[in-house]
Amino acid sequence: MSESGAEAVILERHGAVALLRLNEPKAMNALSATIKAGLTQHLPGLLDDAAVRAIVITGSGRAFCAGGDIRGMDDRGALATQQRMQANYRWLLPLLNARKPVITAVNGAAAGAGFALALCGDYVLVAADAKFRAGFFGIGAVPDLSLAYTLPRAVGMLRAKDILFSNRDIDAEEALRIGLASRVLAPDALLDAAMEQATALAAGPTITYGLAKHLLQRAYSLPLEAFLDAEAAAQATAFGSADFAEGVAAFRAKRKPDFTGG
């Protein structure tokens, strides 16, 4: 394991798993300029690094991420606001389009943009004392960082509108029930469970995960015929991979496959 130091976003490497920890606990890891700079610094490179086969994102202290840093949200005009949002997309878009598994370990409050960040995970593991809140309408803002895209896909359109418009807290139990959480865990077991899950995924067929994620992301937008064309192309790529050859060989030999991610 190695650490990048006491920065706004700490990077640790555990074999093929990268752990990113938002690290401004006094501000409940709100998305300050320094945290966003850290995400921009780390995420695109990790997603392009073939040696990294799974990523875990969590927060330091008692919060996962308390949302945007309101200190930087004064009205600076439409152009400045659009430019600020587009700067966020330098790390957000690669994360949403990641071709490797991403786990978010929600260790406390996930509000506003932090709620959106949590839903970037393929697995959303939630501490039993964690809470989600949309927050945006409470300050007269529009949901951002893709929340209006990811939330209805997780819970359905009517529930998404309720969560956004009511601005109410969603506790861990409800999050699990309605599809916001993959699993709920004791707070002191959360990170270990996330790393265990990530390590298992990192030993899997990385290319196949990426192809499946790409198909799932397009499942709501493509007409059926176009989706089936994309499915056939993805399967052709999978069948040509080293991991597929290893998987078939292991099946025939009645042994556990040794996937390399290739």
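The values are calculated or read from the model by the stated rules, or taken from the named source; none is laboratory data. Keep in mind the model is a prediction, meaning the values are calculated, not measured. Don't worry about glycine lacking a Cβ; one is built from the backbone with ideal geometry, like all the others, and counts go over all protein chains shown.
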Quiz prompt | Sole residue being within 22 Å of L95 (Cβ to Cβ), in the same structural domain as G59 (by TED's automatic domain parsing), in contact (Cβ under 8 Å) with a residue 24 or more places away in the chain and of a type outside the set (K, R), chosen from A175, A160 | solution = A175
Quiz item: Looking at (1) free of Cβ contacts under 8 Å to residues at least 12 places away in the same chain; (2) in a helix (DSSP H, G or I); (3) over 30 Å from G262 (Cβ atoms), which is the one condition that is false for Y89?
Solution: (3)
Quiz prompt | Residue among T150, T104 that is outside any loop (DSSP other than H, G, I, E, B), of a type in the set (S, T, N, Q), in contact with a helix residue (DSSP H, G or I) (Cβ under 6 Å, 6 or more places away or on another chain) and touching a residue at least 12 places away in the same chain (Cβ under 8 Å) | solution = T104
Self-check item: Options A234, A212: the member that is of a type in the set (G, A, S), outside any loop (DSSP other than H, G, I, E, B), closer than 15 Å to G261 by Cα and not assigned by TED's automatic domain parsing to the domain that holds A98
Solution: A212
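Rundown of residues vs (1) surrounded by fewer than 18 Cβ atoms within 10 Å (Cβ to Cβ); (2) in contact with a strand residue (DSSP E or B) (Cβ under 7 Å, 6 or more places away or on another chain); (3) outside the structural domain of V17 (by TED's automatic domain parsing); (4) modelled with pLDDT of 95 or more, yes/no style:
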residue	(1), (2), (3), (4)
A116	no, no, no, yes
I139	yes, no, no, no
L164	no, no, no, yes
A186	yes, no, no, yes
Exercise. Please specify each residue of the stretch 24-47 satisfying the condition of being out of contact with any helix residue (DSSP H, G or I) (no Cβ under 7 Å at 6 or more places or on another chain), closer than 28 Å to Y209 by Cβ and in contact (Cβ under 8 Å) with a residue 24 or more places away in the chain.
Key: I35, G38, Q41, H42, L46
